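Reviewing the structure listed below.
Bear in mind that the values in this text are calculations on the coordinates, not laboratory data. If you're wondering where the values come from, they're calculated on a predicted model, not measured in any experiment. Cβ atoms come from the backbone with ideal geometry, glycine included; neighbour counts cover every protein chain shown.
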Amino acid sequence: MRILLLGYGKMGKTIEQIAISRNHTAPFKIDLENYSSLSSITKDQVDVAIEFTQPESAYNNVKYCIEQGIPVVCGTTGWLEKKKELEELCRKNGSAFFYASNFSVGVNLFFHLNNILAKIMNPFPEYEVSMEEIHHKQKLDAPSGTAITLAEGIIDATPKINNWVNQPTKEKNLLGITSKRLDAVPGTHTVYYNSPVDTIEITHTAHSREGFAKGAVVAAEWLVGKKGVFGMDDMLKINY
């Protein structure tokens, strides 16, 4: 494939390395320094785009690809209030859009484990649920997109909880998420169920960016030739 890389920071460079190792090329790499060049790139020049930038850039980047008919894989978080608008545009234009808050296969298995555990715990009100997420200091959005996806899974399965807040809370209807930013932490997410007598917890710990980057490249391979709006469940065919 000929991949248009939107964002050429640490993640973009890791994606490029993995793409090349899988016999793909990245003829176009767009970052802040050459952003104006994006408007000259067409679907005849690339097969797919992979977008990992910042929340303030993601909407326009994905919109451009959809309008140009370039299949686009996006992993930027922190801008999801506009995602439905782009999904509608994608369907209207007959384009292809693949979004995931996290492209790691392990994390997506963890999402399903989280949903299953939340349903199991629901009949036991003595357990109070909370969450902690830890990332590197360069990650600007908090909570992480992965934490929000985990929170949505818990909320869907727990009638007494109707929202999340990015701080510890004693409010019974809220899920408290603690966000920490430390040096050299690719990403750790822990869900806690605390009772007066014990604690149940599940944790996913990423060891490097490579799992996220490989998942994005695999998603791009999967997306080419398709039309519509997709996510990791579509690609991995996880049904629980």
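Straight-line reach from Lys43: which lysines have a Cα under 21 Å away, not including same-chain ones fewer than 8 places off?
Lys29, Lys63, Lys92, Lys226, Lys227
Working from the alpha-carbon coordinates of the chain, get Rg over Rh, Rh being the Kirkwood radius.
Checking Rg against Rh, the ratio lands at 1.00.
Looking at the chain, send over the antiparallel percent of its DSSP beta bridges, to the nearest 5.
In the chain, DSSP labels about 35 percent of beta bridges as antiparallel.
Quickly rank 5-16, 104-115, 85-96 as a protection proxy: mean count of other C-beta atoms within 10 Å, highest first.
Those peptides, ordered most packed to least, come out 5-16, 104-115, 85-96.
Give me the extension gain from Asp156 to Asp198: residue separation times 0.36 nm, minus the current Cα-Cα distance, reported in nm with one decimal.
Extending this stretch completely gives an extra 12.7 nm.
Over the Cα atoms of the stretch 193-240, what is the Rg over Rh ratio if Rh follows Kirkwood?
Ratio value, two decimals: 1.20.
For Lys180, list the lysines whose Cα falls under 28 Å from its own Cα; do not include residues on the same chain fewer than 8 positions away.
Here the lysines satisfying the reach criterion relative to Lys180 are Lys10, Lys13, Lys82, Lys83, Lys119, Lys137, Lys139, Lys160, Lys170, Lys172, Lys214.
I want the antiparallel fraction of DSSP beta bridges within the stretch 1-130, as a percent rounded to 5.
Bridges in the stretch 1-130 are about 0 percent antiparallel.
Rank Cys74, Ala220, Ser130 by how far each Cα sits towards the positive end of the charge dipole of the chain (+1 on Lys, Arg Cβ; -1 on Asp, Glu Cβ) and give me just the farthest.
Ala220
In nanometres, what is the gap between the two model label sites at Asn166 and Lys82, each 7 Å from Cα along Cα-to-Cβ?
Here the answer is 1.8 nm between the modelled labels.
Find how much the distance from Leu89 to Leu236 grows on full extension, using 0.36 nm per residue of separation minus their present alpha carbon separation; answer in nm with one decimal.
50.5 nm
When the C-alpha atoms of the stretch 96-200 are aligned to their principal axes, what extent does each axis show, in angstrom, from largest down?
The Cα atoms of the stretch 96-200 stretch 37, 33, 22 Å along their principal axes.
Which part of the stretch 207-233 falls in the paramagnetic zone of Ser21, meaning amide N under 19 Å from the point 7 Å along Cα-to-beta-carbon?
In the stretch 207-233, the label zone of Ser21 (backbone N under 19 Å from the point 7 Å along Cα→Cβ) covers 207-222.
Given 10 °C and 1.306 mPa s, compute D for the stretch 14-150 with the Stokes-Einstein relation, Rh being the Kirkwood radius over Cα pairs; round to the nearest whole µm²/s.
93 µm²/s
Among DSSP beta bridges whose residues both lie in the stretch 135-237, state the antiparallel percentage, nearest 5.
Looking only at bridges with both residues in the stretch 135-237, the antiparallel portion is about 60 percent.
Placing unit charges on C-beta atoms (Lys and Arg positive, Asp and Glu negative, everything else neutral), compute the dipole magnitude of the chain about its Cα centre in debye, rounded to 20.
The calculated dipole for the chain is roughly 380 debye.
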